[in-house]
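Notes follow once the structure below has been shown.
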Amino acid sequence: MAPAKFTVLSFFVTLACFASLSEGNFYQDAEITWGDGRAKILEGGRGLSLSLDQNSGSGFQSKNEFLFGRFDMQLKLVPGNSAGTVTTFFLSSQGEGHDEIDFEFLGKLGGEPYTVHTNVYSKGKGDKEQQFHLWFDPTAAFHTYSIVWSAQRIIFLVDNSPIRVFNNHESSGVPFPNSKPMRVYCSLWNADEWATQGGRVKTDWTKAPFVAYYRNFKIQSGSQSQAPGLDAKGRNRLRWVQQRHMVYNYCADNQRFPQGTSVECKSLEVLRYEPRLGDLSSSISDEYCYGFVMTELMYFCFSCHSFIV
């Protein structure tokens, strides 16, 4: 069966809505902010490693801040027993009532899957968590994690497959991050009080140092705030991911929110996957090979578009 091709149209349109493409170099575009030597820039600025031991973790941030855009980062997560550790890639503003858009990768015992933790904060208020188990081993190779942030919605992607869409419902009283510029932040730190199995599994420091790798940091910043949503095939792919790989959804947590969930939950589509011929590949490896080629093609096309205009 042929791989899903929704990315070609819908995400090319999304890319074209943002004005400038930055092919990141960690020397030029990032600064190491903590870790006392545990963060290291590699390969002439093309890669960066973060490490964690019993004394400290490490982290870095982008030198610039942005209001809207697409933010791509390739990560290879800590292998083996990484229980208690958290590897992050997120956007955040500063100050009281900050905004934040999170990818957090919660460490695991060997043989168990990583948990991808997503959240959205606006005006200092979060509680919008959705969590997923990935359909591949994120420690064996690099994979691309992306945040597409516009005034209308936030789209979380893994290897260009949408896993979550958070729409703007300010008209219904739900805060949405659309006015405060944010920087990119990445870190590796210990959070064994909550990260793995609710804190029941602690960090095994005999496995330290724990190391995560980052590369291919790309930013398409937005002088325009408009960006379209997913097309029909994109929505179908989103439902497939959420039905098969979502392990927590705040909108379904009646025990945590006995008074009822937030307004935006009432407008979410029913997570129903409706397979169609050609939507999904029978081979995951074929699908990601296809996705990689399409992603690189879109970056090339977008660069041409920016040059022409």
Please go through (1) at pLDDT 95 or above; (2) more than 29 Å from Tyr248 (Cβ to Cβ); (3) among the aromatic types (Phe, Trp, Tyr) for Phe71 and return the number of the only condition it doesn't satisfy.
(2)
Would you check if there is a residue in the range 125-138 being surrounded by 18 or more Cβ atoms within 10 Å (Cβ to Cβ) and either more than 18 Å from the chain's Cα centre (by Cα) or within 29 Å of Tyr27 (Cβ to Cβ) (or both)?
yes
Being modelled with pLDDT of 95 or more and either in contact with a Leu (Cβ under 8 Å, 6 or more places away or on another chain) or assigned to a strand (DSSP E or B) (or both) is the filter here, so list the residues in the range 16-33 that pass it.
Phe26, Ala30, Glu31, Ile32, Thr33
Options Val120, Val86, Val116, Val165: the member that is of a type in the set (Val, Ile, Thr) and closer than 21 Å to Lys233 by Cβ:
Val165
Going through Pro138, Pro113 one at a time, which residue ends up being of a type outside the set (Phe, Trp, Tyr), in contact with a His (Cβ under 7 Å, 6 or more places away or on another chain) and assigned to a loop (DSSP other than H, G, I, E, B)?
Pro113
So, in the range 187-221, exactly how many residues are in a loop (DSSP other than H, G, I, E, B) and closer than 20 Å to Thr33 by Cα?
2
Would you confirm, using the coordinates I've provided, whether Asn168 is on the phi > 0 side of the Ramachandran plot and polar (S, T, N, Q)?
no
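The values are calculated or read from the model by the stated rules, or taken from the named source; none is laboratory data. Since the structure is predicted, the reported quantities are computational estimates derived from the model, not experimental observations. Glycine also receives a Cβ, built like all others from the backbone with ideal geometry; neighbour counts cover every protein chain displayed.
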